[in-house]
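First up is the structure itself, then whatever we jot down about it.
The values are calculated or read from the model by the stated rules, or taken from the named source; none is laboratory data. Since we're looking at a predicted model, the values are computed, not measured. In this analysis, Cβ positions are derived from the backbone assuming ideal geometry, glycine residues included, and neighbour counts consider all displayed protein chains.
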Amino acid sequence: MRLIPALCFIASVLPCTLLAQDEMLSAEDQAYLAWSSEFLSSLDPQTGEILLPGSMARLHVSDDFYYLDPQDAERVLSEAWGNPPGTGALGMLLPAGQTPLDEDSWAVVISFEEDGYVSDEDAYNIDYDELLEEMQADTRSESGEREAAGYGSIDLVGWAARPYYDKSRHQLYWAKELEFDHDPNHTLNYSIRSLGRKGVLEMNFVAGMNQLDQINGSLDSVLAMVNFVDGHRYEDFDPTYDEVAAYGLGALVAGKLAAKTGAIAGFLLLLKKFWWLALVAIGGIFRAITGKKN
């Protein structure tokens, strides 16, 4: 298990920075620096061969990335990024050299839906323009529920990358451009769905639209990291014994899968909102490091 140097450095330097700049920081700045130092030092980054919870799939995490387990991922998603708690993630991947608290960081959130074997018979018969219009209408409705729950509005702007299905690898991927709370800096939600014998392994990139080129450059590496173990592969499906999902590929893209557990569930993993970082770190940490009070 290899600790990531960037996490170690930031976790170690922040307490010293806080002490050295104590008189220059506001109470909010000091609180953020103390919290961020403790938060980062509590994370346990991992690389190498990782068997995901449930033992249905394995990750081979290269030195270009690191993995956070379900407990750490839950804390990043809820405590640091402002998502509702209880995401049920199996973990998350981040690029080496970045921490979850970096303003320009991005991550891949991993989860699994054990709803049975998803047929790919409709893979090349889906009208994705029509599907997008339906998704935008659904999103407008779901946005009202998010606002009522206190999580702000959401708007589906359009495709950032049209859906594509790799039949040989049984992987479906696409990207959506999202707007939260009328923020002009839009959010990128890049989704990968790997089909298995008993369900779908979900990998959601959470990033800004300005990071689309980075995501595209890392896509092949991430796709190659995940493999179902023997007995759980798509090819291992046995129609005599195995359950078949009640939906196809189009429903995976549309997010209808989340409707059975409530509309808000469909967007739990899409939001990266640094509630402390946006207000405090940009000014506070800059002042702490440079000594300037602008």
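Yes or no, residue by residue, for (1) surrounded by 19 or more Cβ atoms within 10 Å (Cβ to Cβ); (2) not hydroxyl-bearing (Ser, Thr, Tyr):
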{"residue": "175", "(1), (2)": "yes, yes"}
{"residue": "178", "(1), (2)": "yes, yes"}
{"residue": "181", "(1), (2)": "no, yes"}
{"residue": "190", "(1), (2)": "yes, no"}
{"residue": "208", "(1), (2)": "no, yes"}
{"residue": "214", "(1), (2)": "no, yes"}
{"residue": "235", "(1), (2)": "no, yes"}
{"residue": "238", "(1), (2)": "no, yes"}
*Residues of region 51-67 classified as under 14 Å from residue 223 (Cβ atoms) and small (Gly, Ala, Ser), total*: 2
_Selection count, region 168-181, where residues are at pLDDT 90 or above and not in a strand (DSSP E or B)_ = 3
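Tell me, please, whether a residue that is in contact with a Gly (Cβ under 8 Å, 6 or more places away or on another chain) and free of Cβ contacts under 8 Å to residues at least 60 places away in the same chain can be found in region 83-103. Full working, then the answer.
Kept after step one, since they are in contact with a Gly (Cβ under 8 Å, 6 or more places away or on another chain), are these residues of region 83-103: 90.
Filter once more, keeping what is free of Cβ contacts under 8 Å to residues at least 60 places away in the same chain: 90.
Taking every residue of region 83-103 in turn, at least one turns out to be in contact with a Gly (Cβ under 8 Å, 6 or more places away or on another chain) and free of Cβ contacts under 8 Å to residues at least 60 places away in the same chain.
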*Name every residue in region 77-97 that is over 11 Å from the mean Cα position of the chain (by Cα) and in a strand (DSSP E or B), in order of residue number.*
95
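Output the number of residues of region 135-167 satisfying the condition of being assigned to a helix (DSSP H, G or I) and either without any contact (Cβ under 8 Å) to a residue 60 or more places away in the chain or surrounded by 13 or more Cβ atoms within 10 Å (Cβ to Cβ) (or both).
Residues in region 135-167 being assigned to a helix (DSSP H, G or I) and either without any contact (Cβ under 8 Å) to a residue 60 or more places away in the chain or surrounded by 13 or more Cβ atoms within 10 Å (Cβ to Cβ) (or both): 13 in total.
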